[in-house]
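Below: one structure, written as structure tokens.
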Amino acid sequence: MLDCSLCDYYSQEKGKRVCLFSDHLFVKNPSDMKYYPCRDMSYQDYLSKQEKKENIEIVA
């Protein structure tokens, strides 16, 4: 079983634990996960999401 907290996309800031790849906010300990938020996402999905975020930041 994987441990999300060991992933490069895992972030813990200000008490919030987030998967930066899927934008999943962890409410449980990442090591107790039975379903991984990134499992059904491709890297192309991630890049598309990042591009949309950048476009929103430029407009705002």
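Within the range 48-60, count every residue that is surrounded by 10 or more Cβ atoms within 10 Å (Cβ to Cβ) and among the aliphatic types (A, V, I, L, M).
0
Among the residues of the range 1-16, what is the count of those that are surrounded by 15 or more Cβ atoms within 10 Å (Cβ to Cβ) and acidic (Asp, Glu)?
0
Name the single residue that is most open to solvent (accessible area, probe 1.4 Å) among those in the range 17-43 being in a loop (DSSP other than H, G, I, E, B) and polar (S, T, N, Q). It would help to see each step written out before you state the result.
We begin by selecting, within the range 17-43, every residue in a loop (DSSP other than H, G, I, E, B); these are 20-23, 27-29, 33-42.
Of the ones still in play, those that are also polar (S, T, N, Q) are 22, 29, 42.
Working: SER22: 27, ASN29: 77, SER42: 49 Å².
This residue is ASN29.
The values are calculated or read from the model by the stated rules, or taken from the named source; none is laboratory data. On a predicted model such as this, the values are computed, not experimentally measured, just so you know. Neighbour counts are summed over all protein chains in view; Cβ atoms, including those assigned to glycine, are modelled from backbone coordinates with ideal geometry. Note: areas computed on protein heavy atoms with side chains; ligands, DNA, RNA excluded. Shrake-Rupley method; radii C 1.70, N 1.55, O 1.52, S 1.80 Å.
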